Structures are given as C-alpha cells and as structure tokens.
1. Filter segment 227-239 down to residues that are open to solvent by 10 Å² or more (accessible area, probe 1.4 Å) and within 11 Å of the ligand (Cβ to nearest atom) and give me whichever is farthest from R286 (Cα to Cα).
2. Could you look through segment 271-302, keep only residues that are basic (K, R) and within 30 Å of F250 (Cα to Cα), and pick out the one that is least open to solvent (accessible area, probe 1.4 Å)?
3. Might you let me know whether segment 303-312 holds any residue that is modelled with pLDDT under 95, more than 11 Å from the ligand (Cβ to nearest atom) and either more than 15 Å from the chain's Cα centre (by Cα) or more than 27 Å from I10 (Cα to Cα) (or both)?
4. Kindly provide the set of residues from segment 283-299 that are near the ligand (Cβ under 9 Å from one of its atoms) and not in a strand (DSSP E or B), ordered by number.
5. Can you tell me how many residues within segment 137-178 are over 26 Å from L115 (Cβ atoms) and part of a loop (DSSP other than H, G, I, E, B)?
6. Using the structure shown, decide if N224 is on the phi < 0 side of the Ramachandran plot and open to solvent by 60 Å² or more (accessible area, probe 1.4 Å).
7. When you scan segment 197-210, do you find a residue that is surrounded by 14 or more Cβ atoms within 10 Å (Cβ to Cβ), away from the ligand (no atom under 16 Å from the Cβ) and under 21 Å from V176 (Cβ atoms), even just one?
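The values are calculated or read from the model by the stated rules, or taken from the named source; none is laboratory data. Owing to the predicted nature of the structure, the values given are computational and were not obtained by experimental measurement. FYI the Cβ positions are ideal-geometry reconstructions off the backbone, even for glycines, and counts take in every protein chain you see. Ligands, DNA and RNA are stripped out before the accessible areas are found, and what is left, the full protein with its side chains, is counted by its heavy atoms. Shrake-Rupley method; radii C 1.70, N 1.55, O 1.52, S 1.80 Å.
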Amino acid sequence: MNVFYITTPIYYPNAPPHVGHAYTTVFADTLARYKRLMGYNVLFLTGNDEHGLKIQKVAEKQGKTPKEFTDEMAEVFKNYWRSLDVNYDHFIRTTDEYHEKTVSEAFSYIYKKGLIYKAKYAGLYCVDCEKYYSPGEYVEIEGKPHCPLHNKPLEYMEEETYYFKLSDFKDYLLDVLNNREIVYPRSYAEEVLSKINKEGLRDLSIARPVERVWWGIPVPFDKNYVIYVWFDALLNYISAIGYLNDNEKFSKYWSNVHHVIGKDILWFHTVVWFSILKALDIDPPRKVIVHAFLTSKGTKMSKSVGNVISIEEMLDRYGSPDAVRYVLMRIFNMDKDSEFDFELVDSIYNSELADTYGNLVRRAGVLAQKKTDGKIYRRNIDSKIKDELENKLNAYIDAMENFEVARGASLAIDVARLGNQYLNETKPWEKKDPSKELYTVLETIRLATILLYPFTPRISNLVAKAFGFTVENPLKATLESIERYNVTNAPILYKKISLKK
Ligand code: MSP
C-alpha cells in the first residue's frame with residue numbers, strides 16, 4: 001500500500017493553540033483524511049516542542065516545574081485537536097524518552113563526523129529574553145541597538161557554544177533547492193535561494209551553556225551544555241518514525257514525508273533541516289508545503305500581538321467542528337496572507353454550508369421521505385449532469401493532489417450546487433413518481449458528501465448514514481453504483497447565522 005507521511009510543526013506549548021495553529025493542523029488533517037480516503041497508508045504526526053528557555057520561564061512564573069507544566073499543556077493541545085476532529089496518528093513530545101535518546105545519538109554522530117565544533121559566540125544580548133539578537137532582528141533607538149520586545153539596550157556578551165558547520169552545506173543546498181521540487185509553492189524555494197545568495201551561510205549555534213538554559217537535552221559528551229531547541233525540535237520528524245530504532249519503519253515513512261509549515265519557519269525547515277539531514281546521511285524530505293499567515297486586523301495572528309481569535313469562539317459561532325474546519329480551509333492560502341474577517345467567513349458559511357449543501361440535503365431528504373417513503377431505486381442519470389459531475393470530480397482530485405484545499409472545498413460545493421439546480425429545474429415535488437429525479441439528486445449529494453469528507457468528516461458520515469450510502473474513495477464511488485438509497489432522516493446540518501451589519 002502506498003505510504004503518506006504528513007507532519008505539522010510541533011508547537012510551543014507556552015500558551016494554548018489559537019486559530020492560527022488550527023489553520024496549519026486542520027490543513028494537515030484534511031490532507032491526511034483525503035489520502036486515507038484515496039487508499040493510502042497514512043501516518044499523521046503532530047506534537048509539542050517542549051524544551052528551551054521560553055517554556056522554562058513560563059513554567060517558573062506559574063510556580064511549576066517545566067515537566068509539570070508541559071504535561072498539562074500536552075493535554076490542553078490534545079483536547080483542542082479533538083474538539084476540531086483532528087485525527088493524528090501520533091502526538092510527539094520532545095520530552096519523550098525515545099526522542100531525547102535519538103537527539104542525543106544524532107548529535108554525537110554529527111560531532112564525530114567533525115561537523116560540530118566548540119567556539120566562542122559573541123553578540124548583542126538581551127538579558128530579559130536571554131537571547132542574542134543579530135542585525136535586522138534588533139531595533140535601533142538613538143543609534144543604539146535595543147531589544148525589539150523589551151525596548152532595552154542590548155549588551156555585548158560572549159560565551160562558548162557548540163556550532164554546527166552549516167556553511168559546509170552551501171553547494172548541497174543550492175543544488176537541492178534549485179533542482180528538486182521539494183518546497184511548495186516554488187516561490188518559497190526562490191526566497192530561500194536568494195537569501196543564501198545574498199547573505200551566505202553562517203555556522204549555527206546548536207548548544208548553550210547549562211547556566212543559561214537548563215531545560216533541554218544535555219550534550220551527550222559535555223554535561224555543561226544543553227542542545228538548542230531547533231536542533232532538538234527538527235529531529236522529531238525522524239525520531240517519531242523510528243530513526244535509529246526501527247530502520248524498516250523509518251525508511252518506509254521517510255520515503256514519502258510531507259512537512260506542513262507556516263512561512264515563519266521556512267529557513268529552519270529548508271536550510272537548517274536539509275543540512276542536518278545531509279549530515280546524518282538522510283535524503284531531504286519529499287515535500288515541504290508552506291502556507292502564508294492568517295492575519296487579523298492586518299497583522300499575523302499571534303499571542304504577543306494580542307489579535308488572536310480563539311478556537312472556542314469559532315466553535316461557538318459556527319456550531320460544529322466541521323463548519324470551523326470548512327471555513328478555515330476555504331480561506332486557506334499558501335502564497336498570500338489571509339485576513340480573518342468575520343463578515344467574509346460568515347457569508348461563506350451561510351451561502352456554502354447552510355444555503356447550498358445543507359439546504360440540498362434537507363430538501364432532498366424531506367422529498368424522498370414524502371414521495372417514496374425514503375426508498376429510491378437505481379435509475380439512469382441524464383448524461384449532461386453526469387458529465388458535469390465527472391468534471392467536478394476530476395478537478396477536485398487535481399486540486400487536492402496539489403494541496404489546494406480551498407479549491408477542493410469549492411468544487412465539492414459546486415457539486416451540491418448542481419444538485420440544487422437540477423432540483424429546481426425538474427421540480428420533483430410536482431411529480432407523482434419522481435424516482436428518477438430523486439435518484440439523480442441523491443447521487444449529487446453522495447458525491448458532494450464524499451468530496452467534503454476531508455473537510456467535514458462528522459457531517460459527511462452523518463449524511464451517509466441518514467441516506468444509506470458509504471463514504472469511500474471518490475474514484476471508486478462511480479455514479480449509478482448505488483442500487484437503492486434508504487433515506488431515514490432529513491437532517492438540518494448547518495443553521496444560518498445572522499450576518500453582521
Ligand atoms: N516550535 C516551533 C516549530 C518547530 S517544528 C520542528 C514553532 N512553534 S510555534 O508554536 O510558534 O508554531 C509556529 C507555527 O504555527 C507556524 O509555522 C504556523 O504553522 C502556525 N501558526 C501560528 N500562527 C499562525 C498564523 N497567524 N497564521 C498561520 N499559521 C500560524 O515555531
């Protein structure tokens with residue numbers, strides 16, 4: 001069976017996830033569900049990035065140990081994902097023992113190859129952040145460098161750290177980024193290439209003195225140092241599938257790995273990650289799928305800006321995980337930031353889910369029960385509508401294979417739209433025996449329901465049950481293959497919400 005391995009970034013659990021994180025996770029879940037439907041053996045990985053200063057500090061503030069704090073937060077994240085029907089196969093935590101062991105062994109392996117060395121690190125430091133800032137990251141106030149978060153002057157500091165020889169990988173990276181179609185959309189690969197060409201590659205600090213950060217994985221051969229979070233975090237993608245433990249499993253899933261990320265962590269997932277992999281003699285990933293930001297009031301939704309929309313608010317407003325998932329995927333965009341505007345999202349919800357798909361299911365269900373006692377036997381479908389449905393199906397497969405979920409969702413609704421049109425034109429309610437018309441309409445509902453399944457799994461299953469069919473591989477769900485529908489319920493799926501003035 002074909003394998004499909006898909007990952008989300010592992011999130012910092014310093015705060016609960018918001019709609020920005022849900023944007024990524026629901027996207028990955030939608031692709032995972034689509035691939036399962038298409039018959040793939042899917043492994044969908046998500047999890048939390050639990051080490052490092054940020055977490056150490058939040059825990060301290062709350063009077064907890066980092067372990068206590070991250071244990072609690074892991075449950076918080078899992079509950080949020082459950083509330084959105086996110087069906088991951090494995091939830092990794094960087095404090096998991098197997099992960100720590102893999103990181104430590106990988107660090108030693110790269111060190112032995114001579115690609116990690118100890119040297120002085122000097123730079124401008126913010127004592128409050130406990131972090132170095134490089135030019136471009138800090139702000140200048142009266143000509144002097146200041147911390148962008150604390151507005152305090154930065155101090156010149158030095159420390160001994162371990163470096164990873166990133167600069168050794170320049171030719172390799174240029175070759176991979178130029179010649180292999182890994183980064184998707186391609187424009188992000190160009191962005192990374194131009195940054196490498198403009199700025200070159202500097203070696204990367206990958207361990208810090210334990211006095212500065214103690215919450216992390218120790219350098220195996222030098223207990224005075226702790227491995228830096230990014231090196232630790234990136235390795236989750238391979239430790240989770242048995243790297244250094246279960247070779248067979250590792251090779252099987254790695255051969256078709258798809259990383260989903262936001263554009264903020266593009267550099268780490270290309271330059272840094274591909275180089276670490278090369279140092280470990282591992283091929284680069286099959287695909288890195290990058291998306292743009294979800295913005296609110298024009299800026300990236302983020303806790304520090306204070307413009308986040310909460311997942312609870314979305315669930316309350318739209319009434320079901322399915323609706324929330326659908327609207328998020330309908331505004332999903334890889335190239336451009338998407339502004340989260342309630343007016344727009346309300347109108348998508350009302351016109352597509354309530355008025356088009358929901359209304360079709362309700363009308364057809366009521367009619368079928370009234371006219372034929374819910375039992376509708378196979379008839380031939382008019383070739384015109386059959387062709388139209390097949391075109392929509394093919395376009396949908398094309399969209400989903402290219403990770404274009406917004407287009408996929410629209411095409412599924414187009415199918416429902418065809419059903420409504422057909423219903424309006426043929427007026428089965430005026431006929432004594434409208435079996436032919438109803439059979440055709442139910443076929444449009446079946447197709448729309450199957451195509452919507454990756455977005456709205458719960459509601460698709462509910463409709464399939466109410467109408468007597470199964471959600472299956474869309475390529476196998478050929479038209480006119482159902483011998484008899486048995487409509488036992490005509491559910492109201494999505495209640496309209498009143499539009500904001
Ligand atoms: N822990 C690192 C990732 C390590 S992966 C080996 C991290 N964590 S994070 O909690 O900050 O999550 C960042 C990711 O969350 C982004 O790349 C993106 O996938 C998602 N998003 C967070 N806010 C978002 C928006 N406002 N819009 C879109 N995606 C958002 O970085």
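1. V229
2. K287
3. There is at least one residue in segment 303-312 that is modelled with pLDDT under 95, more than 11 Å from the ligand (Cβ to nearest atom) and either more than 15 Å from the chain's Cα centre (by Cα) or more than 27 Å from I10 (Cα to Cα) (or both).
4. Correct list: A292, F293.
5. Qualifying residue count, segment 137-178: 10.
6. The answer is yes for N224.
7. Yes, segment 197-210 contains a residue that is surrounded by 14 or more Cβ atoms within 10 Å (Cβ to Cβ), away from the ligand (no atom under 16 Å from the Cβ) and under 21 Å from V176 (Cβ atoms).
Here's the yes/no breakdown for (1) on the phi > 0 side of the Ramachandran plot; (2) of a type outside the set (G, A, S); (3) open to solvent by less than 30 Å² (accessible area, probe 1.4 Å):
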residue: F107; (1), (2), (3): no, yes, yes
residue: G143; (1), (2), (3): yes, no, no
residue: K152; (1), (2), (3): no, yes, no
residue: F164; (1), (2), (3): no, yes, yes
residue: E190; (1), (2), (3): no, yes, no
